[in-house]
1. Quick one: helix 104-117 against the long Cα principal axis of the chain, what's the angle to the nearest 10°, folded into 0 to 90?
2. What percent does the relative contact order of the chain come to when contacts are Cα pairs within less than 8 Å and at least six residues apart?
3. With a 10 Å Cβ neighbour count serving as the proxy for reagent exposure, in which order, fewest first, do LEU92, LEU211, LEU23 appear?
4. Could you bin all the Cα-Cα distances of region 2-86 into 10 Å bins starting at 0 and give me the percent of pairs in each, rounded to whole numbers?
5. In the structure displayed, which of LYS180/LYS223; LYS114/LYS223; LYS33/LYS88 lie more than 29 Å apart, Cα to Cα?
6. For region 2-86, what relative contact order do you get, as a whole percent, if you take Cα pairs closer than 8 Å and at least 6 residues apart?
7. To the nearest Å, what is the center-to-center distance of region 154-168 and region 112-131, using C-alpha atoms only?
8. Once you place label points 7 Å from the Cα toward the Cβ at GLU68 and ALA236, how far apart are they in nm?
Amino acid sequence: MKEKIEKFLEEVRVFQTSSSEELEQFRIRILGKNGVLNDLFEEFKNVTPDQKKDVGQLLNQLKTQATEKINATKTLIESQKTEKKSNKDLTLPCQFEFTGARHPISIVRNEIIKIFGNIGYTVAEGPEIEDDWHNFTALNFPEEHPARDMQDTFFIERNPDIVLRTHTSSVQVRVMETTKPPIRIIAPGRTYRNEAISSRAHVFFHQVEGLYIDHNVSFADMKQTLLYFAREMFSADTQIRLRPSYFPFTEPSAEMDISCNICKGAGCAMCKKTGWVEILGCGMVDPNVLENCGIDSNVYTGFAFGMGVERVTNLKYQVKDIRLFSENDIRFLQQFESAL
């Protein structure tokens, strides 16, 4: 009887099939009511007592191995059916249903960097938490200047004053302190001011400021540089005009307007019917600023300019509410250039 059981054990070991019908026939033949296993248990009754232990162990082994083999084969057949039905290659890279988009502020900031990079400007960066010297004093701000007041500036500490930078001009100071002219840099970054949030103002915004210092740098150099920028950013027929203004760190100082890119100078709501839109402030670097940073104002001259990235973005994409840039509304963001 042992030989008979071992014969069936070997049959179980070598059994393979990919057919559910063949598997069911095998199960009935081995484990069915009238199957091999039941017949063997009937024969077991006639086994002599001295062989019952060995034969009983073989019968239990046959039952266990047959059950495991049938269950494993059934699982394999079902998984093969699922794969065939789905007809999908699970090893292929996944495909996203939605592509991302660059933030409009990032798009415009990168475009500004590229435009100035084409004429030799490099990018400089600095900390967003600044001390009084780099944010105010070195830039020729008198102690009584309104920009030092708590209404405009976020102060982190007092005596000495530590603030969230109100402009990226502080980066210009750091570059002038550590770099020998010629200097030609732009400083993009986030800035902070304590203002009421509205469609035209926010407590944080982005700036790109520029600085050029060398021998014999003139106001005409600055004007031509800014004209080049305006035409590269908006259109080749863009015109600029410079209006006298005041900034503590430049003298003379000016505000720069561009001809409205929406109405082409005819007059519209964006330009308030004037045909001109202000986009930046600029001027020749004040000699006091140069001296504060260790640069001889008798040898070197330079110009500086600064623009709000949100302002340029508003004009480029005709966005009327600055708050949209920080609300993370995916419906707004998906309108812009697809991410690479």
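All of the numbers you see were taken from the coordinates with simple rules; none came from a lab. Since the structure is predicted, the reported quantities are computational estimates derived from the model, not experimental observations. Here the Cβ positions follow ideal geometry from the backbone for every residue, glycine too, while neighbour counts run over all protein chains shown.
1. 60 degrees
2. On the way: 503 pairs, mean separation 54.5, N = 340.
For the chain, the relative contact order is 16 percent.
3. On the way: LEU92 7, LEU211 23, LEU23 19.
Result, fewest neighbours first: LEU92, LEU23, LEU211.
4. 16, 44, 24, 11, 4, 1
5. Numbers: LYS180/LYS223 24 Å; LYS114/LYS223 19 Å; LYS33/LYS88 41 Å.
Too far apart for the 29 Å limit: LYS33/LYS88.
6. On the way: 48 pairs, mean separation 36.4, N = 85.
Relative CO of region 2-86 lands at 43 percent.
7. Rounded to whole Å, the Cα centres lie 21 Å apart.
8. Rounded to a tenth, the inter-label distance reads 8.1 nm.
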